[in-house]
1. Can you give the FRET efficiency for L636 and L559, using 1/(1 + (r/R0)^6), R0 = 22 Å, r = Cβ-Cβ distance, to the nearest 0.05?
2. Using the Cα gyration tensor of the stretch 409-497, with a ≥ b ≥ c the square roots of its eigenvalues, what is the shape: rounded (a/c below 1.5), prolate (a/b larger than b/c) or oblate (neither)?
3. How large is ³J(HN,Hα) for each residue in the stretch 463-472, as worked out from phi by the Karplus curve 6.51 cos²θ - 1.76 cosθ + 1.60 (θ = phi - 60°), to whole Hz, x for Gly and Pro?
4. Please compute the modelled spin-label separation between K675 and F299, points set 7 Å along Cα→Cβ, answer in nm with one decimal.
5. From the helices alone, meaning DSSP H stretches of at least four residues, give me the mean residue ellipticity at 222 nm for the chain, per-run term -39500 (n - 2.57), in deg cm²/dmol to the nearest 500.
6. What residues from the stretch 498-537 fall in the zone where the backbone N is under 15 Å from a label point 7 Å along the Cα-to-C-beta line of Y644?
7. Among the listed pairs K498/K551; K445/K498; K365/K627; K354/K566; K138/K365; K354/K627, give every one whose C-alpha distance is greater than 32 Å.
8. Considering only G129, Q270, W111, whose Cα is most displaced toward the positive end of the charge dipole of the chain, charges sitting on Cβ of Lys, Arg (+1) and Asp, Glu (-1)?
Amino acid sequence: MRLVPISLALLLAPTLALAEGLGPTFQRLPPPGAASGAAGSAASAAEPYPNNRAPLSPKAYVALPFGSIQARGWLAEQLRLEAHGLAAGLGGAFPDVGKDSAWLGGTGEAWERGPYYTRGLVALAYAGGDPTVKALAKPWIEWVLNSQRPDGSFGTQHPDWWPRMLTEQWLTWYQEATGDPRVIPFLTRAFAYQLQEMKDRPLWQWAIYRGADNLEPIYWLYDRTGDEKLLELARVLKSQTFDWSGLFSLGAPLTGGSFIEHRHGVNVAQGLKMPALWWEQSGDSDTRADFQKGLDLLFRFYGQPHGVFTGQEPVAPSGATVGTELCVTVEYLHSLEVALPILGDASIADRIEKAAYNALPAALKSDLMGYQYYILPNEVKCSPGPHGFETDHGTNLLFGGISGYPCCAVNQHYAWPLMSQRLFLAAPGGGLAAALYAPCEVRAKVAGGGSVTLVEETGYPFREDVTIRVRTVKPTRFPMSVRIPGWCAQARVTVNGKTEGPSVAGTFQKLDRVWAMGDRVEIHLPMELRTTSWENHSVAVERGPLVFALKVAEEWWPLPPEAELKGYDAERFPSWEVRPKSAWNFALSVDPADPAKSLQVVEGKTASPQPFSQAGCPVMLVGRGRKVRSWGLNDLALAAPPPYSPVDVSTPLEPVTLVPFASTRLRVTELPWFKP
């Protein structure tokens, strides 16, 4: 994600225009009340979390205020590890996000690293509630809020709009969590200044491709103030942003340009949400459809078994040793989490879970003291490069406090906390929707002005059952919707032991009733084994939202500190090479049409607090395979392409174990196979 010189004239080339007519009006609910720092009357009892203010089109669901959902179980452990790992410690090891940062008034880096880092700290502080992280975030928050000049501009003297987009995002989360009355006036002045300036100082470089990140807080503020100048700013912003809808609607591979343009994986991941966001203002059905067209395009040409598309740093055709940058994963998750409440499509939630429960943790050390810049489906050795990637930093496959380019070091820690705040959504009619499954507790208002607490107990995604327990002071009627994943054809939902139905895969099932203290919703989601086809007709094995990979024993080797980054303390967060300690060149004995015949599901007795590790993974698949002796490393120290399947192999049958992709750092996911 390096900033490189590029012709401004090229960046400002005309893009395909979209109609800017406003969508149909609807009955506007009052804005949030004074507790959130907003002007206007309190929300109605029927709709405690108001939808979009007209003329914005209403969203299918509404995100609950940041901080409403408390992670529990294994998810809480991810937030705890972040709070005591790289996220919290990086400021003391990397001056660009420490006291030297210009975003703290220092003389150091003044561009994106401070805003990235603060976004993660704020998300982690107010989703996880850790007082240490709140204390770390406070100086950044206060410096930004005190940096605004009389004309409305704020932050460092760097001219780019892009780092301010990041700052405006985390300010909305901070305001929802704390009700700080300074935020809404601050953003009002900042956006008024931006509208005034954008004619003479338009979006440039990164910002041209990332305008959707600006739209998100603009609409948030409009819903709270009704200032029509914000919609004018949104139109100007859209006109200066790369036309992602136009690109996605073509359905063609992303060719041409340099890595900073529309081929850059992180730009694509952030641009993905633009059609969904712009539909709110345009009301145009074609624009709405372009979101799904974008997903179809990306996964047709660039999709990977772990649930995210390629990006090394540009997108590249899918392959067993093609990389996906960690920033691609976290920004892709963000875009999906923006689109889910807007569009209300349950398949978006399926995609969130697949990316979050596979690609995200696989890129992080299990103690969250480091990360890997690129993850690969078949990754049998993590060694220094070069490895032939289009953008090759030489450290892309190492695990460390900084791996590859430092963007991911300062950006990765907002992924888990942001996802935790989208597990439940506010639903029409004063209801709640269980959108994503993980152990948590949500406290929210519902129809009739009451408040409820829902406690979700589950070992998902490793287990098939989810229980939601209701706590309420008095019986309260409101609709609760629960998502039935698209991969689950035989789901069963019960309330207090009585089956509710029908449960249809790929939908939200609505349970509208009077809820009382102690009511219990149980969701059974049978996870059948299935396979998908990849390079050279290899297979990946899936169960529920999880992708499985061959377990490869790992040997971790610390590397000597590098002096590449000025002031970085590599002693505190060293880099690690990971080498295989067991054979990995197996062909799997499996019938792709019926993998359950030859693979046995084995569950541990209890789920580990950190299931995303080899030692703690709570489920595995046991089967048999044969070594393919001709299959080894290529001259770039990567696994050679898997031999074409079905393979003709006669070596002895041996037991093999597949574990969740997210529990591995070395793995073979795209497996050659032969029929049993």
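1. Numbers: r = 19 Å, r/R0 = 0.84.
Efficiency at R0 = 22 Å is approximately 0.75.
2. It comes out oblate by the Cα gyration axes.
3. Whole-Hz 3J(HN,Hα) from phi for the stretch 463-472: 10, 8, 10, 10, 10, 10, 9, 9, 10, 8.
4. For F299 paired with K675, the spin-label model returns 2.9 nm.
5. The per-residue figure over the chain is -8500 deg cm²/dmol.
6. Under cut-off, by backbone N: 534-537.
7. Values: K498/K551 41 Å; K445/K498 26 Å; K365/K627 29 Å; K354/K566 37 Å; K138/K365 27 Å; K354/K627 29 Å.
K498/K551; K354/K566, as the Cα separations exceed 32 Å there.
8. G129
Bear in mind that the values in this text are calculations on the coordinates, not laboratory data. Since the structure is predicted, the reported quantities are computational estimates derived from the model, not experimental observations. Every residue, glycine among them, receives a Cβ derived from its backbone with ideal geometry; neighbour counts consider all protein chains shown.
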